[in-house]
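Novice: Submitted below is the structure of interest, expressed as structure tokens.
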Amino acid sequence: MSRRWKTLVPCVSVLLALAGCGAPPGPAPRGFAPRYEEPAAADAAHARFLRARRLPERAADALNAYLDLPYQVTVLARSCAGEGSGYDPETRRIELCYDDLTQERELVTTDEEVADVMTETLYHEAGHALVDVLDLPYGGDRAEEDAADSFAALMLIREGPDGERALRTAAEAYARTPPDPDDGRDEHAPPAARAAAHLCLLHGAAPERHADLADRTRGCTPTWPQARDAWTHDLAPLLR
Ligand SMILES: [Zn+2]
């Protein structure tokens, strides 16, 4: 009797663990899911800034309200020791680097502007995640980088005047970024071209609010309707 009991207890424990204590297993998590790693000591202030502003949470909320992902993509804020923010298809993780803020603070002045630039980065990386989710025919090349930029513009323009301000701040930060002569393998367009592309979409989407951009953006491509329609066509399977 006691021997059977001893055998039974581990079996019951294993079964309960497997079955979640008798409850049916829940659906697999899906959608963009923010998470924070402990920062390196040097990044502590940057981590506090991201948490206080809830930038990963706010971007994830906006993305999840717009799109229904078939699986979970983690938005992980972490110290990257200068590697730079990115999307990793192996782990399905957007890595938003605390240490990026050191560089951003050299390009813009106010906390509001830093938050705007980081939000554009979040949406750019979400664009890469969506290229992966949708299996779009890019190969991590310049065309994919341009598409990720136009996805960031789309998300910010969808938010109305506040998003437009963030897009304009990010564009102006790109315009102030010196080209990196040592990084010939960078697939991104040169910073000046990224700035011009953002301003082109911004003026195309809201010409009255950004009338001062008319001269700088005349004849620019892709136009706002081209960029918006390309993404909304590709996103169709995920749209809520
Ligand atoms: Zn990119």
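Novice: Just add up the charged neighbours of ALA62: K/R +1, D/E -1, any other residue whose Cβ is under 13 Å from the Cβ of ALA62.
Specialist: Here the charged neighbours net out to -1.
Novice: Only helices at least 15 Å long along their axis, Cα-based, and averaging 0.0 or more on Kyte-Doolittle count here, so list those DSSP H runs from the chain.
Specialist: Taking the DSSP H segments of the chain (at least 15 Å long, mean hydropathy at least 0.0), we get 2-19, 142-158, 191-205.
Novice: May I pose another question? Which percent of the accessible heavy-atom area of the chain goes to carbon and sulfur, probe 1.4 angstrom?
Specialist: 54 percent
Novice: If you don't mind, another one. Once the Cα atoms of the range 172-240 are picked out, what are the Rg and Dmax in Å?
Specialist: 14.5, 43
Novice: Charges on Cβ only, +1 for Lys and Arg, -1 for Asp and Glu, centred on the Cα centroid of the chain; of PRO56, ALA173, ALA152, which one is farthest towards the dipole's positive end?
Specialist: PRO56
Novice: Answer rounded, prolate or oblate for the range 86-240, using the Cα gyration tensor with square roots of eigenvalues a ≥ b ≥ c: rounded when a/c is under 1.5, else prolate when a/b is larger than b/c, else oblate.
Specialist: rounded
Novice: Given +1 on the Cβ of Lys and Arg, -1 on the Cβ of Asp and Glu, and no further charges, what dipole in debye does the chain carry about its Cα centre, rounded to the nearest 20?
Specialist: So the dipole magnitude of the chain works out to roughly 1480 debye.
Novice: Ranked highest first by the average count of other Cβ atoms within 10 Å around their residues, in what order do 115-124, 193-202, 227-236 fall?
Specialist: Most protected by this proxy first, the peptides run 115-124, 193-202, 227-236.
Novice: Beta carbons within 10 angstrom, averaged per residue: use that to sort the peptides 145-157, 128-140, highest first.
Specialist: Descending packing order for the listed peptides: 145-157, 128-140.
The values are calculated or read from the model by the stated rules, or taken from the named source; none is laboratory data. Bear in mind that the values here come from a model prediction, so they are computed numbers and not experimental data. Heads up, the Cβs are rebuilt from the backbone with ideal geometry, glycines too, and the neighbour counts pull from every protein chain shown. Quick note on the areas: whole protein, heavy atoms, side chains included, nothing else; ligands and nucleic acids left out. Shrake-Rupley method; radii C 1.70, N 1.55, O 1.52, S 1.80 Å.
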